[in-house]
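J.: Got a structure here, written out as structure tokens. Questions coming.
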Amino acid sequence: NKVVEESYGGYFQANLNTDLGSMPFRASAGVRVVNTQVESSGILSGNYVTVENSYTDVLPSVNMVLEPFEDFLIRASAAKVMSRPTLGSLTPGGNFSAFTRVLSFGNPQLDPFRAWSYDVALEWYFNEEALLAFAFFYKDISTFIARRTDQVTFAELGLDPALLIGTPSSPSDTFDVTRNFNGEGGWLRGFEVQYQQPFTFLPGLLGNTGFIGNYTNINSEANYAVAPNPPNLNQLRGLSRHAFNATLYYEDGKFSARAASSYRSKYLTTFPGRDGNNEEGKNQGYFLDASMSYALTDNLRLTVEGVNLLDTYNDQYVNSTNRVSVYHHTGRELLFGVRWSM
């Protein structure tokens, strides 16, 4: 397989820094024009083929910041955005296994991810290194890259029957054939709350502690159907509805310690699912890591780190009935180290 991708771009931007009454106001607005040219080569049905594709995107954006009073910011932005497909997904050829009866193709005609993105945030810097923020975001997705798995007999694939010699498969066997295609679009919306603060107002050793945390709530919907088929709706892959991160730390120059926890609710990994399942995903998981270090000298520091202290399993499921497909135990890790700096 071989993929050559060339992109050419240019942009114009204007900045504004002024006051609205007594409130400082900053803004930037502009447009970026990008042309992408792709040449993909690979083996398809026994032949080495080369496919070309090109597309041009005009990407306007605007960002604004208003400071109604000291240390409090209101941010707003709107932009048209794009993200190109991975190079591996653009090859016309693919991977074939006669033993597992699986075949996957790329697609050199894939469009990039395209969306309009809107964000509004309120940020309050109420003390040194302290922040309380709320952000709302919405994305109107016009195109995205999806994968589809169909059951097709080997004889219908147009591949050389010699590929089956010495394998348990025959031309009449059904293979799972997975292809990339341009999805029909969707939407994403959500909000995030963020709080961080060093607790310097506390007495004694507690004044060396602090906290960093955030919570994110996301809802989404995407149409995974191939046009002009009826809609096939589900959540966007890889996005949890609820997620949070929280870190409690201690720092005094010589000794430092922190405990970091995180949580993700269940999320989709594959849709439609393979082997006749309607979906595949990963169930919720809690994680806790911790680390400590102590400086013996200005150059020598001892460290200890604990990973996956809650002994969380890798819990994956198939089908909306939540049948177990992977329940993988990796265990806890405890790492000791010595760090020397010049």
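The values are calculated or read from the model by the stated rules, or taken from the named source; none is laboratory data. The model shown is predicted, which means the values in this text are computed figures rather than measured ones. For neighbour counting, all protein chains shown are included, and Cβ atoms are generated from backbone atoms with ideal geometry for every residue, glycine included. In case anyone asks, the SASA skips ligands and DNA or RNA and just uses the protein heavy atoms, side chains included. Shrake-Rupley method; radii C 1.70, N 1.55, O 1.52, S 1.80 Å.
J.: Is it true that ILE141 is surrounded by 14 or more Cβ atoms within 10 Å (Cβ to Cβ) and modelled with pLDDT under 85?
T.: It is false that ILE141 is surrounded by 14 or more Cβ atoms within 10 Å (Cβ to Cβ) and modelled with pLDDT under 85.
J.: Among the residues of segment 10-29, are any among the acidic types (Asp, Glu), more than 24 Å from the chain's Cα centre (by Cα) and open to solvent by less than 60 Å² (accessible area, probe 1.4 Å)?
T.: no
J.: Which is open to solvent by 80 Å² or more (accessible area, probe 1.4 Å), of a type in the set (A, V, I, L, M, F, W, C) and modelled with pLDDT under 95, of LEU163, LEU236?
T.: LEU163
J.: Go through (1) surrounded by fewer than 20 Cβ atoms within 10 Å (Cβ to Cβ); (2) modelled with pLDDT under 90 and name the single condition VAL81 misses.
T.: Among (1) surrounded by fewer than 20 Cβ atoms within 10 Å (Cβ to Cβ); (2) modelled with pLDDT under 90, the lone unmet condition for VAL81 is (2).
J.: Contact list please: Cβ distance under 8 Å, first residue in segment 106-127 and among the basic types (Lys, Arg), second residue assigned to a strand (DSSP E or B), pairs at least six apart or on different chains.
T.: ARG114/ASP57; ARG114/LYS80; ARG114/VAL81; ARG114/MET82; ARG114/ILE141; ARG114/SER142; ARG114/THR143
J.: May I pose another question? Can you pull out the residues in segment 314-342 that are open to solvent by less than 80 Å² (accessible area, probe 1.4 Å), closer than 30 Å to LEU233 by Cα and either in contact with a helix residue (DSSP H, G or I) (Cβ under 9 Å, 6 or more places away or on another chain) or not acidic (Asp, Glu) (or both)?
T.: Within segment 314-342, ASN314, GLN316, TYR317, VAL318, ASN319, SER320, ASN322, SER325, VAL326 meet the criteria.
J.: Go through segment 36-65 and give me each residue that's under 30 Å from LEU20 (Cα atoms), open to solvent by 40 Å² or more (accessible area, probe 1.4 Å) and not small (Gly, Ala, Ser).
T.: Residues satisfying the conditions are PRO60, VAL62, ASN63, MET64.
J.: Which of the residues belonging to segment 296-313 are touching a residue at least 40 places away in the same chain (Cβ under 8 Å) and surrounded by 15 or more Cβ atoms within 10 Å (Cβ to Cβ)?
T.: Across segment 296-313, the qualifying residue is only ARG301.
J.: Going through segment 242-292 one residue at a time, which ones are in contact with an Asp or Glu (Cβ under 6 Å, 6 or more places away or on another chain), small (Gly, Ala, Ser) and modelled with pLDDT under 95?
T.: The answer is GLY273, and nothing else.
J.: Looking at (1) of a type in the set (Ser, Thr, Tyr); (2) open to solvent by 70 Å² or more (accessible area, probe 1.4 Å); (3) within 28 Å of THR143 (Cα to Cα), which is the only condition SER172 fails?
T.: (3)
J.: Quick one: in segment 95-134, which of the residues that are within 30 Å of SER170 (Cα to Cα) and loosely packed, with under 15 Cβ neighbours inside 10 Å is nearest to the chain's Cα centre (by Cα)?
T.: ASN95
J.: May I ask you to list the residues in segment 277-294 that are surrounded by fewer than 15 Cβ atoms within 10 Å (Cβ to Cβ) and more than 26 Å from the chain's Cα centre (by Cα)?
T.: Once the filter is applied, which keeps residues that are surrounded by fewer than 15 Cβ atoms within 10 Å (Cβ to Cβ) and more than 26 Å from the chain's Cα centre (by Cα), segment 277-294 yields only TYR294.
J.: When residues of segment 181-192 are filtered for being open to solvent by 40 Å² or more (accessible area, probe 1.4 Å) and not hydrophobic (A, V, I, L, M, F, W, C), how many remain?
T.: Matching residues across segment 181-192 total 4.
J.: Taking segment 246-305, which residues are of a type in the set (Val, Ile, Thr) and part of a strand (DSSP E or B)?
T.: THR247, THR269, THR270, THR303, VAL304
One line per residue, one yes/no per condition, for (1) under 18 Å from the mean Cα position of the chain (by Cα); (2) in a strand (DSSP E or B); (3) surrounded by fewer than 18 Cβ atoms within 10 Å (Cβ to Cβ); (4) of a type outside the set (A, V, I, L, M):
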site: ARG179; (1), (2), (3), (4): no, yes, yes, yes
site: GLN194; (1), (2), (3), (4): no, yes, yes, yes
site: LEU202; (1), (2), (3), (4): no, no, yes, no
site: GLY207; (1), (2), (3), (4): no, no, yes, yes
site: ASN219; (1), (2), (3), (4): yes, yes, yes, yes
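J.: Do the conditions hold for LEU66, that is, is it assigned to a strand (DSSP E or B) and under 22 Å from the mean Cα position of the chain (by Cα)?
T.: Judged against the criteria, LEU66 is not a match.
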